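Only one structure is covered here, and it is reproduced in the block below.
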Amino acid sequence: MATEGPARRRIQVAEHPRLLKLKEIFNSKFGSIPKFYVRAPGRVNIIGEHIDYCGYSVLPMAVEQDMLIAVEPVKTHTLQLANTNPLYPDFSTSANNIQIDRTNPLWHNYFLCGFKGIQEHFGLSNLTGMNCLVDGNIPPSSGLSSSSALVCCAGLVTLTVLGMNLSKLLAKYKSLQWDKVLRLEEVQTELGISLEEMLLVTEDALHSEPYSPEEICKCLGISLEELRTQILSPNTQDVLIFKLYQRAKHVYSEAARVLQFKKICEEAPDNIVQLLGELMNQSHKSCRDMYECSCPELDQLVDICRKFGAPGSRLTGAGWGGCTVSIVPADKLPSFLANVQEAYYQRSNRSLAPEKQSLFVTKPGGGALVFLEA
């Protein structure tokens, strides 16, 4: 798989209020003006939940909310980071001695991850420093990948400073023996059958009652010690029941829904919104019942969204729990927003996040971009 580098666009900063404000704050903080700006959007996963790490595709959408970074390369080796949000304090470090404290998820660590990732990938040393001012309007902790957007932004900042482009990303796949297979997609690939056929295999091969560790060991012909040390992850080694049938059924049916969603988008039938909505609703039901990654509050919010005009609504983001994503016709948006706010937030005494970030509208947004001032 090959891809071009990030798109670049020359703009008049004065014509873009947010960029102009960012430029002014940058000047007041660093006493200079940015040489360029980098943007990376947040994203919402429309459909395809808990199947990416099983090897299957998901269908995310870039949202209009994003991360912006104003950048000035400097002649020193100091990396200076600042944020327009006063909740996030300034930070500086040597560009050639990046230390990331994994136990302390401070905001600047996400930038350092993107910077260090590029540094290590290309085997670089003696890097130049830079002044960076970050501005984000992606609601934090909402399942919209604000932290990932910051990591991506930092990576593009680093690439742009170094004058590099992303190119020729290679994906390698190697067939594995059963004891090396780690993902459900690999089972399907080995068998060479469709997702629909994999659902039938799941029905035949697995029973719906939970499996005990001992039963799994008997099926695989291994010891409990081998199960714990060679197959289970550290956080599942003490689990006493495994709902293998339910989890496999969710993964294969959800992977099939992603492909159906894509096909409907490509064919664009007259009832496209209704068809896509039905797939989103099926996805939520599977997440709730088969994968058990929902919660009562999310189920209630999904029901409210459907009641007030969403043909489809489902959980997304944050692993377990998270937020909802709903597909809503544009002409129903004003009443939809008002009714959902009243029914879910006001009646249940839930307070909206600052600037009403708990409930907002977005269209599909653009991708990552480097802005150069004209």
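Name the one entry in G322, G317 that is touching a residue at least 60 places away in the same chain (Cβ under 8 Å), in contact with a Gly (Cβ under 9 Å, 6 or more places away or on another chain) and open to solvent by 30 Å² or more (accessible area, probe 1.4 Å). First the steps, then the outcome.
Working: G317 fails: open to solvent by 30 Å² or more (accessible area, probe 1.4 Å).
Of G322, G317, the one residue that is touching a residue at least 60 places away in the same chain (Cβ under 8 Å), in contact with a Gly (Cβ under 9 Å, 6 or more places away or on another chain) and open to solvent by 30 Å² or more (accessible area, probe 1.4 Å) is G322.
Just to verify a result, which residue in the stretch 214-266, among those that are among the β-branched types (V, I, T) and in a helix (DSSP H, G or I), is nearest to the chain's Cα centre (by Cα)?
To start, the set of residues in the stretch 214-266 that are among the β-branched types (V, I, T) comprises 216, 222, 229, 231, 236, 239, 241, 251, 258, 264.
Narrowing further to those that are in a helix (DSSP H, G or I): 216, 229, 231, 236, 251, 258, 264.
Details: I216: 32, T229: 30, I231: 26, T236: 23, V251: 18, V258: 16, I264: 23 Å.
If we take residues in the stretch 214-266 being among the β-branched types (V, I, T) and in a helix (DSSP H, G or I), then V258 is nearest to the chain's Cα centre (by Cα).
Filtering the stretch 204-258 to residues that are open to solvent by less than 60 Å² (accessible area, probe 1.4 Å), in contact with a Ser or Thr (Cβ under 8 Å, 6 or more places away or on another chain) and of a type outside the set (V, I, T) leaves C217, F242, Y245, Q246, A248, H250, Y252, S253, E254, A255, R257.
When P269 is tested against (1) out of contact with any Ser or Thr (no Cβ under 7 Å at 6 or more places or on another chain); (2) part of a helix (DSSP H, G or I); (3) at pLDDT 95 or above, exactly one condition is not met: (2). Looking at the stretch 286-310, which of its residues are open to solvent by 20 Å² or more (accessible area, probe 1.4 Å), in a helix (DSSP H, G or I) and farther than 19 Å from V328 by Cβ? Hits for the stretch 286-310 are R288, D289, M290, Y291, P296, E297.
So that you can scan it fast, the table gives a plain yes or no per residue for (1) touching a residue at least 40 places away in the same chain (Cβ under 8 Å); (2) hydroxyl-bearing (S, T, Y); (3) out of contact with any Ser or Thr (no Cβ under 8 Å at 6 or more places or on another chain); (4) more than 27 Å from F122 (Cβ to Cβ):
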site	(1), (2), (3), (4)
E15	no, no, yes, yes
S28	no, yes, yes, yes
G31	no, no, yes, yes
M61	yes, no, yes, yes
A82	yes, no, yes, no
L87	no, no, yes, yes
F91	no, no, yes, no
S94	no, yes, no, no
R102	no, no, yes, no
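Being closer than 22 Å to S145 by Cα and in contact (Cβ under 8 Å) with a residue 12 or more places away in the chain, is that true of even one residue in the stretch 335-354? The answer is yes; a qualifying residue exists. Scanning the stretch 96-118 for residues that are open to solvent by 40 Å² or more (accessible area, probe 1.4 Å) and out of contact with any His (no Cβ under 6 Å at 6 or more places or on another chain) turns up N97, Q99, I100, D101, R102, T103, N104, P105, L106, Y110, C113, K116. Quick one: how many residues across the stretch 119-139 are surrounded by fewer than 21 Cβ atoms within 10 Å (Cβ to Cβ), more than 30 Å from T362 (Cα to Cα) and not hydroxyl-bearing (S, T, Y)? Of the residues in the stretch 119-139, 9 are surrounded by fewer than 21 Cβ atoms within 10 Å (Cβ to Cβ), more than 30 Å from T362 (Cα to Cα) and not hydroxyl-bearing (S, T, Y). In the stretch 52-101, of all residues being among the polar types (S, T, N, Q) and not in a loop (DSSP other than H, G, I, E, B), the one that is nearest to I327 (Cα to Cα) corresponds to Q65. Taking the criterion of being closer than 24 Å to L227 by Cα and over 27 Å from the mean Cα position of the chain (by Cα), the residues of the stretch 182-206 that qualify are E190, L191, V201, T202, E203, D204, A205, L206. Within the stretch 41-55, being open to solvent by less than 30 Å² (accessible area, probe 1.4 Å) and either at pLDDT 95 or above or among the charged types (D, E, K, R) (or both) holds for one residue alone: E49.
The values are calculated or read from the model by the stated rules, or taken from the named source; none is laboratory data. This structure is a prediction, so every number in the text was calculated from the model and none was measured. Don't worry about glycine lacking a Cβ; one is built from the backbone with ideal geometry, like all the others, and counts go over all protein chains shown. Accessible surface is based on the protein model in full, side chains and every heavy atom, while ligands, DNA and RNA are left aside. Shrake-Rupley method; radii C 1.70, N 1.55, O 1.52, S 1.80 Å.
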